[in-house]
Amino acid sequence: MLVQRVIGFDSHPHSFTAALLRGPTPAAAVTEKVFNKVPISQLQSWAKKHTTAQDLFVLEASGNSFQVVRSLAAIDRQARVLESCHVGKLKEAHANNDKISAVRIGKAYLAGTAKEVWVPDPKTQEWRDLFHAHCKCVKRTTQMCNRVLSYLSDHGVRLSSTLSQSQEDQQRVRQAHPWSVRQQQVIDGYFMDWRHAEEQRAHWQSLIAQEVLAEPVLLSLVRLCGVRDQVAFALGAIIGDIKRFANPRKLVKYVGLNPAFDDSGEQEWRGGIGGHGRRDLRSLLIQSAHAVLRSGHPLAKWGKNLLAKKGSVNLAVAAIARKLVVAIWYLMMGRWTPLEQIDARLAMKVGKIITKVGPNGLKKLDKTRKTLREETFQSLKAGRVYVLEPSKQFEPKPEASSLAAEYGLVQ
């Protein structure tokens, strides 16, 4: 790609500042001109007038950075998004404004050390919006539950069994203590918020289940042990285009399931899997790995053998999660074999996903449970499957060897 100029772009919700830089390195770069606080509504007209198709826009990841990239792409302008964590560390504490930020962003790209952020395609972006909305709703549901429990604890009330947002449990709370009228009103309000949060959560779960059943790639991930609709949808929303990961190790690193290390001078340090990668996706895959370890799947036997050798549950679970990620890469890349029949385990998974769709979801789809189940089974048989062989031992091989064999996966 021939780049004539690099344009450092500092974007805000209502305006932007652009610095036009010409030069191959930060030291040699010359700032030709700086446009300060231009209304964001004039972005396309400004870009047509002052830039060419050979110019490259670089901007820091922020709330509207993806929209800016898409707006520029519509008028044949190239743009890249830089990771905000790296660019933000270059900010000087004693002096900063939009002009300085725009020049700094441009020079950070010219330095060649700034990491680029992948801009999701429209479909993946919609999936991500849905995924984040569900995550926020789950968090709010937990907050509402804890709020009720905290209020009961403040008044010395301990319930023997778990609490739900149902009318029966609300009545049970009313009878557990001689509440005053005002205290009952507070409790009723808390339960009202809790029920509303649960209704919203069921709404998002229904939409996610519908997306998984309708998308063959997402549905194929459900065949893996420990993966159901929530995890499959999160994989599709966060990973997006699987082809941007050249091999399984790239995906493992992206998720953050590769151990951290620091070998500098005479010091050597080996750490865990925290502190890097996609924490949201990694936590879901760790939950899946725990489910695998509790099951009767062959991968569970492999994990238990590793647990017996190492004596660490966390290590065994992380190793299982890593194998799942490798299998996910091969599956999403299309390395598949036909599925001839639906076993009982997979049929149960499909039934649970359809249950999450709910009566209202089935009504909107204009389908019955039986019809949707049959269509899902047909989609699974026409889709893809990948078989894990966890007992396969790792053997060093030349560079041209199959990564599937290296990671204990059989096509």
Q.
Quick check on W204: is it open to solvent by 60 Å² or more (accessible area, probe 1.4 Å) and either charged (D, E, K, R) or not in a helix (DSSP H, G or I) (or both)?
A. no
(Q) Need pairs with beta-carbon distance below 6 Å; first residue in contact (Cβ under 8 Å) with a residue 40 or more places away in the chain and within the range 142-162, second open to solvent by less than 80 Å² (accessible area, probe 1.4 Å); sequence gap 6+ or separate chains. (A) M144/D193; M144/W194; M144/A197; R147/Y190; V148/Y190
**Q.** Among the candidates A73, A133, A79, residue that is more than 18 Å from the chain's Cα centre (by Cα) and surrounded by fewer than 16 Cβ atoms within 10 Å (Cβ to Cβ)
**A.** A73
Q) When the residues of the range 250-276 are filtered to those that are open to solvent by less than 40 Å² (accessible area, probe 1.4 Å) and among the small types (G, A, S), which remaining residue is farthest from V326 (Cα to Cα)? A) G271
Q.
If the requirement is being free of Cβ contacts under 8 Å to residues at least 12 places away in the same chain and closer than 18 Å to R128 by Cα, which of these qualifies: A214, A232?
A. A214
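Can you say whether G271 is modelled with pLDDT under 95 and touching a Gly at 6+ places or on another chain (Cβ under 6 Å), as far as the supplied structure shows?
Details: modelled with pLDDT under 95: yes; touching a Gly at 6+ places or on another chain (Cβ under 6 Å): no.
Here the answer is no, as G271 does not meet what is asked.
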(Q) Against the conditions (1) over 26 Å from L207 (Cβ atoms); (2) among the basic types (K, R); (3) open to solvent by less than 40 Å² (accessible area, probe 1.4 Å), where does K243 fall short? Just the number, please. (A) (3)
(Q) Checking the conditions here, which among K91, K99, K107, K139 is open to solvent by 80 Å² or more (accessible area, probe 1.4 Å), modelled with pLDDT under 95 and part of a helix (DSSP H, G or I)? (A) K99
(Q) If I filter the range 24-40 for residues that are in contact with a Lys or Arg (Cβ under 9 Å, 6 or more places away or on another chain), modelled with pLDDT of 95 or more and open to solvent by less than 30 Å² (accessible area, probe 1.4 Å), do I get at least one hit? (A) no
Q | Leading residue by the ranking (nearest to I328 (Cα to Cα)) among those in the range 217-229 that are in contact (Cβ under 8 Å) with a residue 60 or more places away in the chain and assigned to a helix (DSSP H, G or I) | A | L221
Q: State whether the residues of the range 72-84 include one that is closer than 28 Å to I238 by Cβ and at pLDDT below 90.
A: yes
Q. Within the range 114-125, can one find any residue that is assigned to a loop (DSSP other than H, G, I, E, B), open to solvent by less than 80 Å² (accessible area, probe 1.4 Å), out of contact with any Cys (no Cβ under 9 Å at 6 or more places or on another chain) and over 28 Å from D229 (Cβ atoms)?
A. yes
Q: Only residues that are over 19 Å from G256 (Cβ atoms), in a helix (DSSP H, G or I) and open to solvent by 70 Å² or more (accessible area, probe 1.4 Å): list them for the range 299-340, please.
A: K301, K304, N305, A308, K309, K310
Q) Among the candidates K370, K356, which residue alone is exposed (fewer than 15 other Cβ atoms within 10 Å of the Cβ) and either modelled with pLDDT under 90 or in a helix (DSSP H, G or I) (or both)? A) K370
Q: Would you be able to tell me the number of residues in the range 287-301 that are over 10 Å from G226 (Cα atoms) and in contact with a Leu (Cβ under 9 Å, 6 or more places away or on another chain)?
A: 3
Q.
Suppose the filter is surrounded by 12 or more Cβ atoms within 10 Å (Cβ to Cβ), at pLDDT below 90 and not β-branched (V, I, T); does S15 pass it?
A. no
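The values are calculated or read from the model by the stated rules, or taken from the named source; none is laboratory data. Everything numeric in this text was worked out from a predicted model, so none of it was measured. Using ideal geometry, Cβ is built from the backbone for each residue, glycine included, and neighbour counts are taken over all protein chains shown. Surface accessibility is based on the protein's heavy atoms, side chains included, excluding ligands, DNA and RNA. Shrake-Rupley method; radii C 1.70, N 1.55, O 1.52, S 1.80 Å.
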